[in-house]
Amino acid sequence: MLRQMEAQAPHDRKLAYLLLRFTLGLSILMHGLVRLPHLSAFADGLVKLFAETPLPAAMVRPFAISLVPIETIVGLLILVGLWTRWSLLLGALTVAALVFGTALRSDWDTLAIQMLYAFIYAVLIATRDYNTYSVDEMIRRYKNLRTIGDEK
C-alpha cells in the first residue's frame with residue numbers, strides 16, 4: 001500500500017497544482033469579469049478610496065481602468081494554463097502593486113488577503129514543474145510530436 005501511495009504521489013502533486021492554478025485563475029478571472037460592466041463606477045470608487053493618500057486621482061483612475069482587463073486576461077490564462085510562467089509573474093506583480101496601494105491606505109485586513117494571493121502566486125511559480133495539465137503542456141507535446149514526425 002505504501003508503494004502504491006508513493007507511486008501516486010507525482011500524479012497527486014500534478015493534480016494539486018492543477019486545482020490550485022485553476023482556482024486562482026477562476027478567482028482572478030471573476031475579479032475582472034464582474035467589474036467589466038461597471039468599469040467607470042469601479043474606477044470612481046477606487047479614486048474615492050485613495051483620496052486620502054498621496055496618490056493623485058490622475059494615477060489611480062488609469063490604474064483602476066487597466067486593472068480590470070489585466071485581471072480578466074491573466075485570470076483566463078492562468079485558469080487554462082497558457083503562458084503560465086508569464087501570466088503568474090504578471091499576476092504577482094499586479095498583486096504587489098495592489099499591496100502598495102493598500103498599505104498607503106493602511107487597510108491591513110485587505111493587505112493580509114492580498115498577501116495570501118502573493119503567496120499562492122509564489123507557490124505556483126516555484127512548483128511550475130507540476131504544470132502538466134495545461135494548454136502549455138499540450139502545446140509542448142504537440143511541438144515534440146511534430147519534431148519527431150519531421151525527423152522521419
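Every number here is computed from the coordinates shown, using simple stated rules; none is lab data. Computed from a predicted model, the values in this text were never measured in an experiment. Every residue, glycine as well, gets a Cβ built from its backbone with ideal geometry; the counts of neighbours run over all protein chains shown.
What to note about this one:
- Between L29, L36, the distinction of being over 21 Å from A103 (Cα atoms), in a helix (DSSP H, G or I), in contact with a Gly (Cβ under 8 Å, 6 or more places away or on another chain) and among the hydrophobic types (A, V, I, L, M, F, W, C) belongs to L29 only.
- Where I65 falls short, out of the listed (1) farther than 21 Å from M30 by Cβ; (2) in contact (Cβ under 8 Å) with a residue 12 or more places away in the chain; (3) more than 11 Å from the chain's Cα centre (by Cα); (4) not in a loop (DSSP other than H, G, I, E, B): (1)
- Yes/no for A57 being more than 21 Å from T23 (Cα to Cα), surrounded by 14 or more Cβ atoms within 10 Å (Cβ to Cβ) and in contact with a Gly (Cβ under 9 Å, 6 or more places away or on another chain): no
- The one condition in (1) crowded, with 18+ Cβ neighbours inside 10 Å; (2) closer than 14 Å to L67 by Cα; (3) β-branched (V, I, T); (4) without any contact (Cβ under 8 Å) to a residue 24 or more places away in the chain that T94 fails to fulfil: (4)
- The set of residues in the range 124-151 being surrounded by 14 or more Cβ atoms within 10 Å (Cβ to Cβ) and not acidic (D, E) consists of L124, I125, T127, R128, Y130, N131, T132, Y133, S134, V135, M138.
- Count of the range 39-59 residues which are closer than 16 Å to S106 by Cα and in a helix (DSSP H, G or I): 4
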